[in-house]
Amino acid sequence: MGDHFSVHVGVRSYEVDANGHLNHAYYHRYGEHARTEHFSAAGCTMDRLATAGVGIVLLETHVRFLRELRHRDHVDVDSRLTFGEGKSFEIAHTLMRDDGVVVAEISCRMGLLDAAARRLVADPAGRLRELADDPAVLGL
């Protein structure tokens, strides 16, 4: 599995706008869902992170809308992590409809927040490696 993970999501009726396509805010929610499931698959559940005194925070996000999604469409939302030097890391998502059409791309810069100090953890990859049951799921 490495640093690549995917979830399947169906567009629900209450997520579409007056134009009949997925409201822009839900693309972010789909990305958040994929990220949460990706970290959970590695053993870094929200509860486990909170117990350890850390939390994943979104520092920056960008969505590139390529095609519309409509009610009852289904997409795979993949999640790919990239760790480098420093306090932040990147997550990229591609949203692909069941017919193989890429409908959106999301890029995010994330950090790992020390809840007590209210500062970013200096080595997020190292800390997540310590907390994960299966660090390989995160590419670590």
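Nothing in this text is a laboratory measurement; each read-out follows from the coordinates by a stated rule. Bear in mind the structure is a predicted one, so any value in this text is a computation, not a measurement. Counting neighbours? That spans all protein chains shown, and the Cβs are built from the backbone with ideal geometry, glycine included.
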Inset, instruction - Select, from Glu60, Glu105, Glu68, Glu90, the only residue that is part of a strand (DSSP E or B) and over 23 Å from Leu128 (Cβ atoms). - result: Glu105
Inset, instruction - Any chance you could count how many residues in segment 20-48 are in contact (Cβ under 8 Å) with a residue 40 or more places away in the chain and either touching a Gly at 6+ places or on another chain (Cβ under 7 Å) or more than 27 Å from Thr82 (Cα to Cα) (or both)? - result: 3
Inset, instruction - Filter segment 127-140 down to residues that are surrounded by 13 or more Cβ atoms within 10 Å (Cβ to Cβ) and not aliphatic (A, V, I, L, M) and give me whichever is nearest to His8 (Cα to Cα). - result: Gly139
Inset, instruction - Could you please let me know if Thr94 is closer than 20 Å to Ala125 by Cα and of a type in the set (Ser, Thr, Tyr)? - result: no
Inset, instruction - Taking Val121 as the residue in question, decide whether it is in contact with a Leu (Cβ under 6 Å, 6 or more places away or on another chain), in contact (Cβ under 8 Å) with a residue 60 or more places away in the chain and of a type in the set (A, V, I, L, M). - result: yes
Legend entry - Out of Arg109, Arg118, sole residue that is among the basic types (Lys, Arg) and either under 30 Å from Gly20 (Cβ atoms) or surrounded by 12 or more Cβ atoms within 10 Å (Cβ to Cβ) (or both): Arg109
Inset, instruction - Could you tell me whether segment 32-46 includes any residue that is in a strand (DSSP E or B) and closer than 29 Å to Pro135 by Cα? - result: no
Legend entry - Unmet requirement for His74, which otherwise passes all of (1) within 30 Å of Ala52 (Cα to Cα); (2) surrounded by 13 or more Cβ atoms within 10 Å (Cβ to Cβ); (3) over 17 Å from the mean Cα position of the chain (by Cα): (1)
Legend entry - Residues of segment 110-132 satisfying the condition of being within 18 Å of His4 (Cβ to Cβ) and either in contact with a Phe, Trp or Tyr (Cβ under 6 Å, 6 or more places away or on another chain) or not in a helix (DSSP H, G or I) (or both): Met110, Ala125, Ala132
Inset, instruction - Kindly indicate whether any position in segment 73-85 is under 17 Å from Leu138 (Cα atoms) and part of a loop (DSSP other than H, G, I, E, B). - result: yes
Inset, instruction - Please work out if Glu60 is closer than 25 Å to His8 by Cα, free of Cβ contacts under 8 Å to residues at least 40 places away in the same chain and not polar (S, T, N, Q). - result: no
Inset, instruction - Mind listing just one residue for me: the one in segment 1-36 that is of a type in the set (Asp, Glu) and out of contact with any Phe, Trp or Tyr (no Cβ under 8 Å at 6 or more places or on another chain) and, of those, farthest from Asp73 (Cα to Cα)? - result: Asp3
